[in-house]
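Q: Before I ask anything, here is the structure I am working with.
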Amino acid sequence: MKVVLESYNISFSVEYETERKGEVEFVSIKNIAGREFTVVIAPLSNNTPENIIYIMLSRAKYDLTLITGADRKVDNHIRKLMELNFIVSNG
């Protein structure tokens, strides 16, 4: 990801830095509770706990993108949100 961001001249920082210095901030999922982000892009796997999915859904202020592999099954709760058009699938 670092290489992609650098190739497009997008600045970034990681959560353990004391001051946010970039346009993109990498934050561990376990450290997002109690914080709000304009845009959240998060990985989603068959092993992602439901409570973590809820936290990801609630932290995005404007846009949430969940990324999953083509061979991964989507959680029933996520599927329900897709059926109600709260989440749109691009795959």
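The values are calculated or read from the model by the stated rules, or taken from the named source; none is laboratory data. Only a predicted model underlies this, so the values are computations on that prediction, with no experimental measurement involved. Here Cβ is always computed from backbone atoms with ideal geometry, including for glycine, and neighbour counts include all displayed protein chains.
Q: Could you run through the stretch 73-88 and say how many residues are under 19 Å from I55 (Cβ atoms) and either surrounded by 10 or more Cβ atoms within 10 Å (Cβ to Cβ) or among the acidic types (D, E) (or both)?
A: Matching residues across the stretch 73-88 total 10.
Q: Would you tally the residues in the stretch 52-91 being part of a helix (DSSP H, G or I) and under 17 Å from V27 (Cβ atoms)?
A: 8
Q: Scan the stretch 8-28 and give yes if some residue there is in a helix (DSSP H, G or I) and either over 12 Å from the mean Cα position of the chain (by Cα) or of a type in the set (A, V, I, L, M) (or both), otherwise no.
A: No.
Q: Residues N9, N90: which one is modelled with pLDDT of 80 or more and among the polar types (S, T, N, Q)?
A: After ruling out the rest, the residue left standing is N9.
Q: Just checking, which of T48, T38, T65 is loosely packed, with under 11 Cβ neighbours inside 10 Å and among the hydroxyl-bearing types (S, T, Y)?
A: From the options T48, T38, T65, the qualifying one is T38.
Q: Just to be sure I understand, how many residues within the stretch 36-48 are in a loop (DSSP other than H, G, I, E, B) and either modelled with pLDDT of 80 or more or hydroxyl-bearing (S, T, Y) (or both)?
A: 3
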